[in-house]
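Report on the structure given below.
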């Protein structure tokens, strides 16, 4: 069987197209969560293991630097995974009644990827933190 030149070119372009589609899905999910707000790096401590043995149960802790007063507090924490079938992993709503802006949970990850965490504040600011993870055994079904 002879492979056409067009088929070979299509296979070469496929990984790049899949990566672009994944990045586009991530951008759409982020904009649905925080709208058109400018996103700044920093102000968030993101704790995840460097290597996750089981992608079905990856521990995640997010601590946002916020005074948590009525006038100035984190209102939401959003977690995204760049290579999961669906990029939005979780969203947590916060109130100034909390002592600190911190969440701990376990998430599912399909494969090696980047985790993106966004924190929204009462004054409209949005902060970001990211982490790269290696996943030994995937925890998501496509």
Tell me, what is the Rg over Rh of segment 5-137, with Rh the Kirkwood radius over Cα pairs? 1.06
Projected-area average for segment 31-71 over all orientations - Cα convex hull basis, square nanometres: 4.9 nm²
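Readers should treat all values here as calculations from the given coordinates under stated rules, not as data from a laboratory. Since this is a predicted model, take the numbers as computed values, not measurements.
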